[in-house]
Every structure is written in C-alpha cells, then in structure tokens.
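All remarks here apply to the structure that follows.
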Amino acid sequence: MVILFSIFIFTHTSAAFADYYQASTGNGQTSVRMSFSGKGSYVFAQYLYGPNPNPCYVPGNMGAGRIVFRFTVTDRSISSSWNYATVVRIPLYLIDTNGVESYWMTIEFQPWNFGVGTEVVLGDFFIGQNYRGIRFGTPAAYCPYYNSGYADVTGTFKLEYYAIIFAQTETQFNNLYNNVINASNLANAAN
C-alpha cells in the first residue's frame, strides 16, 4: 500500500502592505456662517461669511483616497418657530491638478439639531486620482414640513484626507508614505 502525502506551504503577507494602506496624510479647514429663513417648505439660505478660505485645499496630487468632514457648531441662533426637520444641502466641487473644478457631490445635514461645541461627522467619501482641493458651493435648504422663522449657524468644517497607498512591502509603504507627507507639506506651504 502506498500512501501519498501532499504538503502545501502557504505564505501570508500582511494585507495592509500587500494590497493597500489608507493613511491619514493631512487635513484642511474652513469656517462658515450660514443664515436661513422662510415659510412652508421654501427656505432661503446664504453664507453670511465664508467658507473662508474657499476652496479648502487638502494634500492633493497624491492619488485616490477618502475624505471625512467634521462640522463643529461654534454658535447658533434659532427662532422658536424654526422646524428642526430642515435639511441643509451644500454642493461640493473637486479641483484637479490643472485647477479645473467639477461637481462632486452634495452633503446634507441638520446643524441646528446639535448644540454649540458638538461635532457632526460626515463621511467617508471616496475621491479619485489627481485632486488637490474642495470648493464649497452655495448652500440650500429644504423642509419637508411647514416651516417658519430663521436660523443662523456658525461652524468649522475640518477635512481629513486618507490617501490610499499601494505597496508590496512595509519598507516600500514607508518610503511612499514619506513621499506623500513631503508632497503634502509642499502643497500646504504653497497655499
């Protein structure tokens, strides 16, 4: 009787390096003050100041990645007749390496549902290759129910950028990550 043995040897490389690694490579920040008023479902929305500065530059020119927005309410004034179901919509535009901008997406949130000092996290959102900044478009608002009164909200948008870095080894990842950080510092210094 013959018995055959098969021996399989599996090697495992950490997925973080063999596939890709998402590393936090920088952030941007802009402050805004928005004013809202209206009756019924129609709501007039505008910036009283900001976004300042606009566009908000993130460590761009470094490949695809994720964006996380953090909006912190720093001040607000709301009338008693304001409907908290009102939704704020802010269009976002991506700026590529040639300075050309294109519509990306619209973020929606209800900042009056949060007290001063509260942070609202919006994301994760994915952006593709070769973008260097985000411009905040004109705000709009909508209330699905009857609404009246006014609301003023002041806050700060912080943008966190997580670059996707492809690498086969930990050493290669570290080298690429350092290159990304250096590019980020140069981009921030230029702004």
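The values are calculated or read from the model by the stated rules, or taken from the named source; none is laboratory data. Because the structure is a prediction, the values reported are computed rather than measured. Counting neighbours? That spans all protein chains shown, and the Cβs are built from the backbone with ideal geometry, glycine included. Protein only, heavy atoms only, side chains kept; ligands, DNA and RNA dropped before computing areas. Shrake-Rupley method; radii C 1.70, N 1.55, O 1.52, S 1.80 Å.
Would you mention how many residues in the range 83-119 are among the basic types (Lys, Arg) and over 19 Å from the mean Cα position of the chain (by Cα)? Working first, answer last.
Here is the first cut: in the range 83-119, the ones among the basic types (Lys, Arg) are 89.
Still in the running and over 19 Å from the mean Cα position of the chain (by Cα): none.
So the count comes out to 0.
Each row is one residue, and each column tells you yes or no for (1) touching a helix residue (DSSP H, G or I) at 6+ places or on another chain (Cβ under 7 Å); (2) of a type in the set (Val, Ile, Thr); (3) open to solvent by less than 30 Å² (accessible area, probe 1.4 Å).
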position	(1), (2), (3)
Trp104	no, no, no
Gln110	no, no, no
Asn113	no, no, no
Val120	yes, yes, yes
Gly123	no, no, no
Gly137	no, no, yes
Cys143	no, no, yes
Tyr146	no, no, no
Quiz item: Does any residue in the range 116-131 that is closer than 15 Å to Val100 by Cβ come within less than 9 Å, Cβ to Cβ, of a residue that is polar (S, T, N, Q) six or more places away or on a different chain, and which pairs are these?
Solution: Asn130/Asn61; Asn130/Thr97; Asn130/Asn98; Tyr131/Asn61; Tyr131/Thr97
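So is Ser6 open to solvent by 30 Å² or more (accessible area, probe 1.4 Å) and modelled with pLDDT under 85 or not?
Working: open to solvent by 30 Å² or more (accessible area, probe 1.4 Å): yes; modelled with pLDDT under 85: yes.
It is true that Ser6 is open to solvent by 30 Å² or more (accessible area, probe 1.4 Å) and modelled with pLDDT under 85.
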Practice problem: Could you list, in sequence order, all residues of the range 76-101 that are more than 24 Å from Gly38 (Cβ to Cβ), open to solvent by 50 Å² or more (accessible area, probe 1.4 Å) and either in contact (Cβ under 8 Å) with a residue 40 or more places away in the chain or in contact with a strand residue (DSSP E or B) (Cβ under 7 Å, 6 or more places away or on another chain) (or both)? | Solution: Tyr93, Thr97, Glu101
Quiz item: Is one or more of the residues making up the range 37-44 in contact with an Asp or Glu (Cβ under 7 Å, 6 or more places away or on another chain), farther than 18 Å from Gln129 by Cα and modelled with pLDDT under 90?
Solution: no
